[in-house]
Structure formats: C-alpha cells, structure tokens
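Trainee: Once you've had a glance at the structure underneath, I'll fire off some questions.
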Amino acid sequence: MGSYLYRLYRGFQGEILAVPGRVIALIFVTLLFLLPHIIPHPLVLKIFSLAALFAIFAASWDFLSGFTGQLNLGHALFFGVSAYSAALLNVHLGVPPWATIPIGAIAGVIAGLLVGIPALRLRGFYLALVTLAFPIILIGVIFVFPDITGGELGLFGVDRLSGSRVLDYYIILLVATASILVMWKLTDGRSKIVRTGVILHAIREDEITARASGINTVRYKLMVFSISGFFAGVAGGLYAHYIRIAGPSILELFFSFQPIIWTIFGGIVTIYGAVAGVFILYPLVELVRLHPVGEIYRIVLMVLILIVVLLFMPQGITRWVRDHIEEICPRCKLINIRTRRYCRACRAPLRAEK
Amino acid sequence: MSRQVKVMLAVVAMLVVLMPVLVACPPVVEEVPTIRIGIIGPMKFTVGEHTWWGAQMAADEINAAGGVNVGGVMHQIELFKADSNELLSVVDAVSAMERLITVDEVDFVIGGARTEAVLAKQEVMADHGVIFINVGSAHPEQCMRLAADYERYRYFFRGAAVVNSRYLGKMIFALVDMVAGEIRQELGIETPKVAIMMEKAVWTDPIVAAAQAKLPKMGMEVVGVWRPSPIAADVTAELTAIKDAGAHIIMTAYLGPVGVTASRQWGELEIPAAKVGINTDAQSKRHWVATGGKVEWEVTFNFIGPVEITPKTIPFYTRFLERFGDFPYYSAGVYDSIYLLKEAIERAGTLETYAVIDELKKTDFLGVGGRVVFTGIDSPYPHDLVWGPGYITGLGIQWRDGELVVVWPDGRAVLGDKAWEGIRFEGTVDYKLPPWMVEFWKGRQ
C-alpha cells in the first residue's frame, strides 16, 4: 500500500507538478471547486455555472472542427437538439433531469450522425455552409409544431437541476470536468491507452494519406461527429435545466459562433484552449457589465481583446502561455519548465548552447 | 528659522496629524432612504431606450415632488439600468436580471421585451421573490403561468399600456373595419378588397389565418397574402402585385425593418390602397425621417398618442417629446408602472414584497395610457391588464404632415360590440384616406 501511494505520488509529481501548464490547470480546477466557499455570491455562481457548461460546448466544437478539420458553423444544432429533447421529456412526460440529460446527449449523437453522414461527401467551405443551415432548418421544424415545441416561446417551466444554486454549480462543474477530461484524453496524441488522438491529427493534416495508411477515415469522422454531438448535447441538457427554458434563441447563428470565438481565443486543437477561452472571456464580459460604461462597450471590448489576441497570439492565449513557460525536450519530447536548461528525464540540453 | 516658517510647519504638522481623523469622519450628510428599481431591457435598441427614458421621467418627477412616502418616511427612487440584450441572447437577459437582483439589490424590476427572455426572467424573479413588472412583451402565457402556479409566479404583473396579445388582434381588426367603413362611405365601394401583407414570422401566422377567416365575415374580400422577409430591403414586387390585384386596403403586421421599406415604397409608388395594421417602427418619430415622409397617411396601433386618454396623457406626451425628441411608446408603460408602484408602496406603507403585491392587486390607477386595473387571481390570466372601454384601450394613429394623430377609438361600436360606442378621446380626429387613393378610385367610377 505504502509503495503504491509512493508510486502514485511520484507519478503525480512527474506528470502534473513538473509541467507548468498542468499546475496552472490544477490550481484553476481547485479554485473552481472552492469557488462557492470563496465567493458565495449568486451572480458569480451563475456566471461560472454557465461558463462551465459553455466550456463543454466549446470543447466539443474544438473536438470536431479543431481536431478533424470538419468546420462546423452550426454547432448550436447539437446543443439545441439536446436542450429541446431534455425539455420535451421533462415538460411533457415529467422525466427527471438525471434521465433527460443523458437522453438529450444521445439525441445529440443522433444529430451528429445526421449531419455527419452527408458531411462525408463535403469538405471545407461547402461543409461549413451545409452545417450552417442545419440549426436554421431545426428552427423551422420547431415553428411547424408549436403545440409540442412551444414555437417561438420555447419550452419553459423545465425542472431545476437540484434544489440549490451551489448544488447546481457542483453538478455542472463535475459533469464539465469529466466531459473535458474525456475529450482531452480522446484527442491526446501521446496517449498510450487511447490511440484516437494521433489518428484524428492524421486525418486533419492529410486525409488521403491517412486513408492510404489503412485508417478507416469514414468511421473516425462519423465517430467524431457523434462524440462531439454527445458532449454538446450534455451541455444543451444542462442548459435547459439550468436556465429552465429551451427556446429558439439557442439555435440562432450567434449561438453557433460563440464556441468558435471562445476556442480561437483560447487556442484551437487543444481542448483546454476552448475551456480557457470560455472561462476567461465569458466571466470577463459579464463582470465588465457590472460597470455602467462596461455595459455599453462590452462587445467592443471583447472584439478588441480578440483582435489583440489574434495579432499577437495567433495560436490562442493558452498556446502563447505554454510557449513562454514550457519547453519540450528535443530528444525525448517530455515537457519541461522553461527555466530548466537540461531535460528533467534524459538530461539532454533543452536549447542550443550559445 | 523665521517665525513664519515655524507657523507654517506647525500648520502642516497639525494637518498631517489630523488627516486620518478628517478622512475617517465622513461629511455630515443627511442620508435619504431610497427605493431601488431595476430597469431591464435591450438598451441598445429603441425598445430599451424608450423603456429607460420613461423610467427616468417618472423617477425624476417623483423625486422632485419629494419622493415616495413609505410608512411616513420619504424615499427617493434610485434607478438601475440593465442591458438585457434579450433580442439577441436569452442568457444575457437572465444574467442581467440576476445582476439587478443580487448585485444592485433592487427592490423591484420593470422592463422586458422578448417573450422567450421574459419567460426566462420570470424564473429568476420567482427564485429571488422580487416583484417584476413586464412592460414590453404582450404574450398571454406569462400570466397563464400564474394561473398554473400562483405561489411561485405571483411576483409578476403585466405593466401598464402593454395589453395581452389576444386583445391586440382584436384592435387590428377594429382598425381595418374603420378604414373599410371610410372606403364604403367616401368611395361607395361596398365590398373593399384587402391585401394581407405581413412579415414572414411566426407571430404573424395566426393573424394571417385569422384575417383570411374573419375579413369576409366583416364584408371584405381577401385578394391575396404577401409575406415579405422581416428584413426585406425591397417590396416593390409585392406592392405592385397588390395594386394589380385591385386591393383597397393593405393589412400590415411588421416588427422588423421591413416596416420602413414598406412605408417608404408604398408612399413613393402611391399604391392606391390604405395601409393599416401593426408597424411598430412607425410609432417612432424617426420613422418619418427614415421614410422621407412617405409614411404619411399610414395607420398603425399604439398605446399612447396626443389625445386626452386621461388628463395626464397630453402633459406627459408634450414633456416627453420636449425632453427626448421622440414620441413616447414603450415609455408610457414603464412611466405608468413606476407611478402605480409608488401608489401601491404608499398604500402598503412598507417595501415588504407580499404587502406590495397585495396592494398592486388592488390597483385602480389612472395613468397616461388609460385606467390600469389588474385581473384577479381567479382569471385565466392573473395580474394581467383589464382591456376595453373604460380601461386600457390602445389607439389607432395616423401619420399626417410629420405628426401622429389619433383616429381610433372613433366613438363607433367595435366589431359589433356596442360597449365601445361613445369611446372617443378628446383630440381624436377622423380617419382620412390617402388623397392619391381617393383620386385613383374615384377616377374609375
């Protein structure tokens, strides 16, 4: 037992504490879990609850569009299908949230497949334009059956996740943490357990070569659409039970563009970049609203921040930070803190000697 | 060291010693208790702007008159502005509501525009138990929720001037009926032909269906339905087709920018058909400028106009126009809501939520938009406005020479309802057909 704990500690020390980016992530997650005790203000809890569920949404977009290059401009479809499914089941049949959210996520998977199958024939801008159309089609469907879907009002009176704000926050945060960890692990190109990461990278970089190497790209692309749909669906289900309404506004164009903005800001093809993008931009814009002047200029401020980031950190803010605090060993590819001169494992020099 | 320098040093030393004491002691200012009212709306849009202006006017007037008497203590009204951005994002609307209640710690919230957002805000209201008076969204569902779960949603009231959309439909048909009557009388056309031209949006679908069913029963003939996009920049094809169909009336329903396009091109082409219905943009003074005056002779509904709905209407209308340079419309609802809230607080003698709700329920208030009475809890629409003769009625307004004149209620029965007979506010003028239309049709007889 003692040796097991020691090995666990050594693993933790080597995999987490020695990598600055992971230390920051650990501190960040710890702070998020302590937030209700540090700042128990209802508005702060609401902002960070929404940020957590939007983080799942943004990460699921990065999983699909970042990692496989399948540019999806209508990601709100998965979110909306799930939110509506959860709300329909809850409002009309009285199904509780613990069941509606997974069912909503499965509806997201089905939506992912429905988009994914025709998308196999398309690439680039053509795919982007087709995906853009799907949420608009769904809005049309919603308006055709107003008795069931609530039409332009949406479905309201959806049950709360739990009886308390703090519990709501912890439920969303736990689900978000688990979802993001799964997506991150699935896309981890260095993982020895799950090999999908490296395959997804290969498909994005050169699909024909990947196919020539024996990778069933059709299967992987459909899988990515489904998984992305699942996690966007998880976010949609949580949203319906948190805001307590599923309305057509979640299928509007703006809603589809939000995860793209967050991900590009944070750093595309990373998963954690999308999460960081949401947790920086969303609370920032909301906190700026507290000031009367900020209320007026918050969108201008957001655009300015985005322009600055795109100009000086084109790879996103997380990549920029990592580039300044981490150094990858040229020999063994292990991540080291940038202050080190020699690799912590193989002792190879991290930078060329002057 | 000279004596002067010593004195100066002594003074400086004393100031340094006394500084913390001076800073620690705040100046003696008589603290005036305040009532904190949150004003929520899409502030970057005309709806929100007018909501805020109406609130500012009411608060300034009440404060200048001494404030609100709460159990013998005078309170000043303090307004808190929240941009809900609800026309674009329901999430923003919910956050703005939460901020007003938890950060600004307002006692009451007034505002609202988009139905979906108002429904979401009702949840925040109910969670925190704060009175919310909606002055922008007219959907009946918001009050039906009170009938279903009164305990949870009892904090909600549909504020002054914004009537339930069920009555809105009735008003539009009354306006069309008025225009048809004029056509029969002046042009001698017994069965006026109506073109239904409403923006392609969900909210207009039931109006289109109702119009197709109802207009023939009202002695009119429907010649066709045209549904331009709410953001259409050109409706020449529709208007030309309407002219070719021989329509005498164009029944409209626009919330989007197509309202400006349709008004401008209708006037430019001098389409020989009277335009009547809903065109929210045409309620603003800016519409005259945006259409280059081509909106002249168009009729749209409104809740406030330059007539004596009550003795308060004209003074409010004039003051508002002087101060903000625009005709009031959404502003009237929030203005009246603040006043009726003031009265309810004064009757209750406290700011305690349930006591104020009890007093709001008893409201019988003569505002700038009419007499405000709320429906009871046994109604299918609790805390809604009572609509009809003697209460809030709404108005039909017509553009003439850059001004809005009121043409309805015109003292006649409305769709066979004799209770409307004699309801005609002082300052109301008779409706007039567009002169080019009269010329066109008289030439054909």
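Please treat every number below as a calculation from the coordinates, not as lab data. Quick caveat: nothing in here was measured; it's all calculated off a predicted structure. Methodologically, a virtual Cβ is constructed for each residue, glycine included, from the backbone with ideal geometry; neighbour enumeration extends over all protein chains shown.
Trainee: Given the Cα-Cα distance of A:Arg22 and A:Arg204 and 0.36 nm per residue of separation, how much length would full extension add, in nm?
Mentor: 63.0 nm
Trainee: Further question on the same structure: For A:Tyr342 and A:Leu174 in one chain, what is 0.36 nm times their gap in residues minus the Cα-Cα distance, to one decimal in nm?
Mentor: The span from A:Tyr342 to A:Leu174 would gain 56.7 nm if fully extended.
Trainee: Using a 7 Å offset from the Cα along the Cα-to-Cβ direction at both A:Ala212 and B:Tyr391, what is the distance between the two label points in nm, to one decimal?
Mentor: Label at A:Ala212, label at B:Tyr391, 7.7 nm between them.
Trainee: Tell me, in nm to one decimal, what length is gained between A:His291 and A:Ser3 on full extension, where the rule is 0.36 nm per residue of separation less the Cα-Cα distance?
Mentor: 98.2 nm is the gain from fully extending A:His291 to A:Ser3.
Trainee: If you take each beta carbon of peptide A:286-293 and count the beta carbons of other chains within 10 angstrom, what is the mean?
Mentor: What the average comes to for A:286-293 is 3.
Trainee: In addition: Can you give the Kirkwood hydrodynamic radius for the stretch A:195-244, in Å, rounded to one decimal and based on Cα pairs?
Mentor: For the stretch A:195-244, the Kirkwood estimate is 12.3 Å.
Trainee: Could I ask something else about it? With everything on Cα atoms, drop me the angle between helix B:313-324 and the longest principal axis of chain B, reported from 0 to 90° to the nearest 10.
Mentor: 70 degrees
Trainee: How big is chain B in terms of Cα radius of gyration and Dmax, in angstroms?
Mentor: Cα only, chain B: 26.1, 111 Å (Rg, Dmax).
Trainee: In nm, to one decimal, how far is the modelled label at B:Glu268 from the one at A:Ile39, with both set 7 Å along Cα→Cβ?
Mentor: 5.2 nm
Trainee: Let's test the formula: R0 of 45 Å, r as the Cβ-Cβ distance of A:Leu304 and A:Phe12. What FRET efficiency results, to the nearest 0.05?
Mentor: Efficiency for this residue pair is about 0.70.
Trainee: Can you give me the Rg/Rh ratio for the protein assembly as shown, using Cα atoms for both radii and the Kirkwood formula for Rh?
Mentor: We get a ratio of 1.05 for the protein assembly as shown.
Trainee: Can you compute the charge dipole magnitude of the protein assembly as shown about its Cα centre, using +1 on each Lys and Arg Cβ and -1 on each Asp and Glu Cβ, nothing else charged? Give it in debye, rounded to the nearest 20.
Mentor: 4020 debye
Trainee: With springs only between Cα atoms under 10 Å apart, run a GNM on chain B and tell me which of B:Ile101, B:Ile377, B:Ile278 wobbles the most.
Mentor: Judging by the Gaussian network model, the answer is B:Ile377.
Trainee: To check my understanding: the extent here is largest minus smallest coordinate of the Cα atoms along each principal axis. What are those three numbers for the stretch B:86-225, in Å, largest first?
Mentor: 63, 26, 26
Trainee: Here is a follow-up. Quick check: the distance between the Cα centres of the stretch A:88-135 and the stretch A:294-336, to the nearest angstrom?
Mentor: For the stretch A:88-135 versus the stretch A:294-336, the Cα centre distance is 31 Å.
Trainee: Something else: About its Cα centre, how strong a charge dipole does the stretch B:49-145 have in debye, to the nearest 20, once Lys and Arg get +1 and Asp and Glu get -1 at the Cβ?
Mentor: 180 debye
Trainee: Taking R0 as 25 Å, what's the FRET efficiency between B:Val73 and B:Leu366 from their Cβ-Cβ distance, rounded to 0.05?
Mentor: 0.45
Trainee: For the stretch B:292-356, what log10 I(q)/I(0) values come out of the Debye formula at q = 0.15, 0.21, 0.29 1/Å, with one point per alpha carbon and no solvent?
Mentor: Taking Cα atoms of the stretch B:292-356 as identical point scatterers yields -0.63, -0.93, -1.21.
Trainee: Taking amide hydrogens as modeled 1.01 Å from N in the peptide plane, which residues meet the under 5 Å criterion relative to B:Glu298, leaving out close sequence neighbours?
Mentor: Residues meeting the criterion, in which the H sits 1.01 Å from N, are B:Trp399.
Trainee: Where the centre of each part is set by its Cα atoms, how far does the stretch B:119-196 sit from the stretch A:218-278, in angstrom?
Mentor: One Cα centre to the other: 36 Å.
Trainee: Per q in 0.16, 0.20, 0.24 1/Å, what log10 I(q)/I(0) does a Debye calculation on the alpha-carbon atoms of the stretch A:180-220 return?
Mentor: Reported log10 I(q)/I(0), two decimals: -0.38, -0.57, -0.76.
Trainee: Given chain A, what whole percent of its Cα pairs are spread farther than 30 Å?
Mentor: That tail contains 41 percent of the Cα-Cα pairs.
Trainee: Take the Cα of B:Met218, step 7 Å along the line toward its Cβ, and report every residue of the stretch B:403-425 whose backbone nitrogen sits under 17 Å from that point.
Mentor: From the stretch B:403-425, the list is B:407-421.
Trainee: What's the Cα-based Rg to Rh of the stretch B:308-445, Rh via Kirkwood?
Mentor: 1.09
Trainee: Evaluate the distance, in nm, between pseudo-label points positioned 7 Å from the Cα of A:Phe145 and of B:Trp436 along their respective Cα→Cβ axes.
Mentor: Label-label distance for A:Phe145 and B:Trp436, simple model: 4.7 nm.
Trainee: Dipole size in debye (nearest 20) for chain B around its Cα centre, Lys and Arg Cβ +1, Asp and Glu Cβ -1?
Mentor: My answer is approximately 400 debye.
Trainee: What is the distance in Å between the Cα centroid of the stretch B:41-99 and that of the stretch A:159-202?
Mentor: 41 Å
Trainee: From Cα pairs below 8 angstrom and at least 6 apart in sequence, can you work out the relative contact order of chain A, rounded to a whole percent?
Mentor: Result for chain A is 26 percent.
Trainee: What FRET efficiency, computed as 1/(1 + (r/R0)^6) with R0 = 60 Å and r the Cβ-Cβ distance, is obtained for B:Glu421 and A:Val95, rounded to the nearest 0.05?
Mentor: Rounded to the nearest 0.05, the efficiency is 0.65.
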